[in-house]
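*Asks:* Right, I'll just put the structure down here and ask away after.
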Amino acid sequence: MLVYDLDLPVLSELLKSWGEPAYRAKQIWQGLYQQFYNSPSQFTNLPKSLREKMANELDFACIEPAHDLDSSDGQTRKTLFKLRDGYVIETVLMRYDKRRTLCISSQAGCAMGCVFCATGQMGFKRHLSSGEIVAQVMYYARALHEQKQTVTNVVLMGMGEPFHNYENTMAAIDRLNDADGYNFGARRFTISTVGLVPAIKRFADEKRQVNLAISLHAAHDDLRLNMMPINKKYNIEEVLETCRYYVAQTGRRITFEWALINGVNDTPEEARKLAGRLKGLLCHVNAIPLNPTKGYEGRATTHERGIKFKEALEQAGIPCTIRMRRGIDIAAGCGQLAGSF
Ligand code: SAH
Ligand code: SF4
């Protein structure tokens, strides 16, 4: 049993079944999520017999760091974790201004097959459990705590499609959000999705405070279909229709992600087409130069072309930011380290 898979009511039931008093569950919960303990021996406020029971019954190390990589500017660190069954996932910490943003994985591999994505190129292995998602955050929360720092933002932009693993992803967010535990505000999470329409609808109906980002990358179906097989199931209009529903339900702004690929989707014409489609929607576009991958011949946009794309969008009334390349020297792009193992 993975200790991070348990939410407080389940942990309480378990402790009860062990014949422990009710307050023990809370003590363990606080040890895990407020003291960042990751081994039963650290729970010195508990009786030795209980610590032994915990060591025998609960798995505290469901993800094991196998490899760390630091970018040359020291602002980005990527950790490759080995799961119990041998699959690997990755987590990236990005320091930027006063933020420490953690990019976490929701699956080992991914079933969506986007051609430009290293994770997509490796195929689907399995869903992560909620605890395996939680454990990535706690690993870095602990590491930063030792430097008297905290995680400020968590983005589900590592390996996998979070809306394909909806239940476990939301359970992880809820667990990290618990006010008696880690207490990480819902607004500080961002979920990025390839555009799974029924899940976006569900997410809208749940009216969560979590931020939503949609990977669009193209403004017409022919092009998007070439890049993202999911477009066959849910085309651009269906995705945007659901986005309008989301904004109506929540009043929250949507982010559209756009990997700028030289000569493919980085022209001013494509920007104007995009602006036309996004007109009237509460949104902004987050563009990032493509991270080149082994399995895809596309190249990153140039600085000049990127700026022109942004200007064309903004002239048409759509706010756009171009993200700097972070950690490119450590292959911090989606799935690019695990893919090489
Ligand atoms: N599966 C989700 C979240 C993980 S991918 C999704 O697709 O949205 C996180 C972001 O990285 C997505 O916007 C994705 O399109 C983008 N991405 C994937 N491979 C990339 C690459 N090689 N260069 C730039 N962005 C990439
Ligand atoms: Fe999966 Fe996202 Fe990569 Fe597409 S971009 S293959 S959805 S991880």
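The values are calculated or read from the model by the stated rules, or taken from the named source; none is laboratory data. Note that the coordinates shown come from a computational prediction; the quantities given were computed from them, not determined experimentally. Positions of Cβ are generated from backbone atoms using ideal geometry, with glycine treated the same way; all protein chains shown enter the neighbour counts. With ligands, DNA and RNA removed, areas are computed over all heavy atoms of the protein, side chains included. Shrake-Rupley method; radii C 1.70, N 1.55, O 1.52, S 1.80 Å.
*Asks:* Over the Cα atoms of the chain, what Rg and Dmax result, in angstrom?
*Replies:* 20.9, 69
*Asks:* With every protein chain present, what is the per residue accessible area of the chain (1.4 Å probe, Å²)?
*Replies:* 44
*Asks:* Go through V10, V115, V154 and list them by solvent-accessible area, largest first, probe radius 1.4 Å.
*Replies:* Result of the area sort, largest leading: V10, V115, V154.
*Asks:* Using 0.36 nm per residue of separation minus the Cα-Cα distance, give me the extension gain between N38 and E241 in nm, one decimal.
*Replies:* Extra length available between N38 and E241 comes to 68.7 nm.
*Asks:* How fast does region 200-272 diffuse by Stokes-Einstein, in µm²/s, taking the Kirkwood radius from C-alpha pairs at 25 °C and 0.890 mPa s?
*Replies:* It comes out at roughly 186 µm²/s.
*Asks:* Can you tell me how region 1-63 classifies by the Cα gyration tensor, rounded, prolate or oblate, using a/c under 1.5 as the rounded cut?
*Replies:* Taking the square roots of the gyration eigenvalues as a ≥ b ≥ c, region 1-63 is rounded.
*Asks:* Please name whichever of T293, N45, C117 sits farthest to the positive end of the charge dipole of the chain, dipole taken about the Cα centre and charges placed at Cβ: Lys and Arg +1, Asp and Glu -1.
*Replies:* N45
*Asks:* What list of ³J(HN,Hα) values in whole Hz, one per residue of region 274-281 in order, does the Karplus curve 6.51 cos²θ - 1.76 cosθ + 1.60 (θ = phi - 60°) give from phi, with Gly and Pro shown as x?
*Replies:* Here the 3J(HN,Hα) series is 4, 4, x, 6, 8, 3, x, 8 Hz.
*Asks:* Give, rounded to the nearest 20 debye, the magnitude of the charge dipole that the chain has about its Cα centre when Lys and Arg contribute +1 at Cβ and Asp and Glu contribute -1 at Cβ.
*Replies:* Dipole magnitude for the chain comes out near 580 debye.
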